[in-house]
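Reviewing the structure listed below.
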Amino acid sequence: MSTDNDIYKEIRPYNDAEIAPAIQRLIEDEEFTSAILKHKFSHYPQWCQQLMSPLVKVYLKKRLGRLTSVDSVQVEVEQYLQKALDATTDGVTFEGLDKLDQSTPYLFISNHRDIAMDPALINYGLHHTSHKTVRIAIGDNLLSKPCSTELMKINKSFIVKRSAKGPREMLKALGLLSSYIKHSLETGNSIWIAQKEGRAKDGNDFTDPAIIKMIQLEGRKRKMSFAEYVKSLKIVPVAISYEIDPCDIAKAKELHEKATTGQYQKSEFEDISSIVQGITGYKGRVNISFGDVITKDIDDPDTLADEIDRQIHANYKIFPINLLAAGVEDSSINQVTRDKFNQKLAQLDEAARPFLIDGYANPVRNVSKDNSLEVVA
């Protein structure tokens, strides 16, 4: 995309010509190299990490300096992701990709449990079945550091400006976002967006109609009916199911604090820590199930949200740990599962434990409302 008259420049991902300069800025960013040192060499003293900094920069130039296009970045990310999945899962399975046309761009709307892994897993499945990877919606609340912005825009992420102040500024930002989503689809690029703002920390996967209203702003501008515009977007609901949530303890503590004090104050690097924990933490088995393109006539955001929820709940995979948390007796629940769950509960104050239990139990409650339970034994 040319930068001349580029109305999306502030929010869109980098194009091929912008990749190499962005990577160079990343390598020179002290916070970026410092974060790598702290993660990789946390057992070394601070002075030793500082001495290693020039060596890290040399390594990064050698490893990343050869990346000069969006596709080359995607291949590099895929290699890292493969290593992470091999080390932190007991297998990843995909369903429904055979129903999708490789030449058609889709708007994928999924449940949201993990900041980085959710879109990464969707892209992993698409890439391995010769589909184009998606452009990823990410909130600007995760981009407080310049290096975070560089990293995300290098990796096909576009920015959702949640920090916009005032109704007029907010409407302008949402209108531009809605326009960019449609523009991406019309230029052959699929999109991923979560079904609601923020992760479902309580395990309740429900679509916020406000997300639908934002997406539809461009349709209203074009004077298209709601049903007509929805069909043009080719929306595909996606259910992402983790057997184990690597961030479950932290989520339970946050929910408990909110319930107790009415608020929760994030630490400065909490989002980054959540991203790292989500990537490096144990996940057990993982399933990503792509639903059907929504082609029926739907006339309002609430009905569309209900249809997305119906498909996500129908395709969500229930694991023995979910049944255990929900108090459902089943032969698939073995002693290992009970011991692992009890070990997690032991890490929490007694008052916080119900929040972790609900995080695993709520999918059972939601899925069982409209569907018979099928357990991944």
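State whether the residues of region 260-271 include one that is under 30 Å from ILE181 (Cβ atoms), more than 21 Å from the chain's Cα centre (by Cα) and either assigned to a helix (DSSP H, G or I) or β-branched (Val, Ile, Thr) (or both).
For region 260-271, residues under 30 Å from ILE181 (Cβ atoms), more than 21 Å from the chain's Cα centre (by Cα) and either assigned to a helix (DSSP H, G or I) or β-branched (Val, Ile, Thr) (or both): absent.
For the subset of region 49-74 comprising residues that are of a type in the set (A, V, I, L, M) and under 30 Å from the mean Cα position of the chain (by Cα), which member is modelled with the lowest pLDDT? Working first, answer last.
Step one: of region 49-74, the residues of a type in the set (A, V, I, L, M) are 51-52, 55-56, 58, 60, 64, 67, 70, 73.
In the following step, the residues that additionally are under 30 Å from the mean Cα position of the chain (by Cα) were identified as 56, 60, 64, 67, 70, 73.
Details: VAL56: 88, LEU60: 91, LEU64: 92, LEU67: 95, VAL70: 95, VAL73: 95.
Residue satisfying both the conditions and the ranking: VAL56.
Given the condition of a type outside the set (Asp, Glu), more than 19 Å from the chain's Cα centre (by Cα) and at pLDDT below 95, answer yes or no: does some residue in region 279-297 qualify?
Going through region 279-297, the residues of a type outside the set (Asp, Glu) turn out to be 279-291, 293-296.
Still in the list and also more than 19 Å from the chain's Cα centre (by Cα): 293-296.
Restricting the remaining residues to those that are at pLDDT below 95 gives none.
The answer is no; no qualifying residue exists.
With TYR44, TYR80 as the choices, which residue is without any contact (Cβ under 8 Å) to a residue 40 or more places away in the chain and either within 27 Å of the chain's Cα centre (by Cα) or under 28 Å from LEU177 (Cβ atoms) (or both)?
TYR80
Would you mind stating whether ASP306 is under 26 Å from ASP245 (Cβ atoms) and charged (D, E, K, R)?
On the way: under 26 Å from ASP245 (Cβ atoms): yes; charged (D, E, K, R): yes.
Yes.
Taking GLY198, is it within 24 Å of GLY125 (Cα to Cα), outside any helix (DSSP H, G or I) and touching a Pro at 6+ places or on another chain (Cβ under 6 Å)? Let's see the steps before the verdict.
On the way: within 24 Å of GLY125 (Cα to Cα): yes; outside any helix (DSSP H, G or I): yes; touching a Pro at 6+ places or on another chain (Cβ under 6 Å): no.
The answer is no for GLY198.
Restricting the first residue to region 54-72 and requiring it to be over 19 Å from GLU31 (Cα atoms), which pairs with a second residue that is among the basic types (Lys, Arg) and surrounded by 12 or more Cβ atoms within 10 Å (Cβ to Cβ) meet a Cβ separation below 9 Å and a spacing of at least six or different chains?
Listed pairs, sorted by first residue: VAL70/LYS156.
Can you tell me which of (1) out of contact with any strand residue (DSSP E or B) (no Cβ under 9 Å at 6 or more places or on another chain); (2) under 17 Å from PRO246 (Cα atoms) is the one ASN366 doesn't meet?
With (1) out of contact with any strand residue (DSSP E or B) (no Cβ under 9 Å at 6 or more places or on another chain); (2) under 17 Å from PRO246 (Cα atoms) applied to ASN366, the lone miss is (2).
So, in region 133-188, exactly how many residues are touching a Leu at 6+ places or on another chain (Cβ under 8 Å), closer than 19 Å to ILE212 by Cα, assigned to a helix (DSSP H, G or I) and among the charged types (D, E, K, R)?
Count: 1.
Within the group VAL328, VAL293, VAL367, which residue is under 30 Å from LYS213 (Cβ atoms) and assigned to a loop (DSSP other than H, G, I, E, B)? Walk me through it before giving the result.
Working: VAL328 fails: under 30 Å from LYS213 (Cβ atoms); VAL367 fails: assigned to a loop (DSSP other than H, G, I, E, B).
Result: VAL293 is the single residue among VAL328, VAL293, VAL367 that is under 30 Å from LYS213 (Cβ atoms) and assigned to a loop (DSSP other than H, G, I, E, B).
Quick one: how many residues across region 201-231 are surrounded by 15 or more Cβ atoms within 10 Å (Cβ to Cβ) and part of a helix (DSSP H, G or I)?
So the answer is 15.
Any residue in region 309-326 that is more than 22 Å from LYS340 (Cα to Cα) sitting within a Cβ distance under 6 Å of a residue that is surrounded by fewer than 21 Cβ atoms within 10 Å (Cβ to Cβ) and hydrophobic (A, V, I, L, M, F, W, C)? List the pairs, counting only those 6 or more apart or interchain.
ASP309/PHE206
Being among the hydrophobic types (A, V, I, L, M, F, W, C), within 30 Å of VAL293 (Cα to Cα) and in contact with a helix residue (DSSP H, G or I) (Cβ under 8 Å, 6 or more places away or on another chain) is the filter here, so list the residues in region 311-322 that pass it.
Here is the first cut: in region 311-322, the residues among the hydrophobic types (A, V, I, L, M, F, W, C) are 312, 314, 318-319, 321.
Checking which are within 30 Å of VAL293 (Cα to Cα) leaves us with 312, 314, 318-319.
Scanning region 311-322 gives ALA314, ILE318.
Condition first: in a helix (DSSP H, G or I) and surrounded by 14 or more Cβ atoms within 10 Å (Cβ to Cβ). Now tell me which residues in region 60-70 satisfy that.
Residues of region 60-70 in a helix (DSSP H, G or I): 60-64, 70.
Within region 60-70, LEU60, LYS61, LEU64, VAL70 meet the criteria.
The values are calculated or read from the model by the stated rules, or taken from the named source; none is laboratory data. Computed from a predicted structure; not experimentally measured. Positions of Cβ are generated from backbone atoms using ideal geometry, with glycine treated the same way; all protein chains shown enter the neighbour counts.
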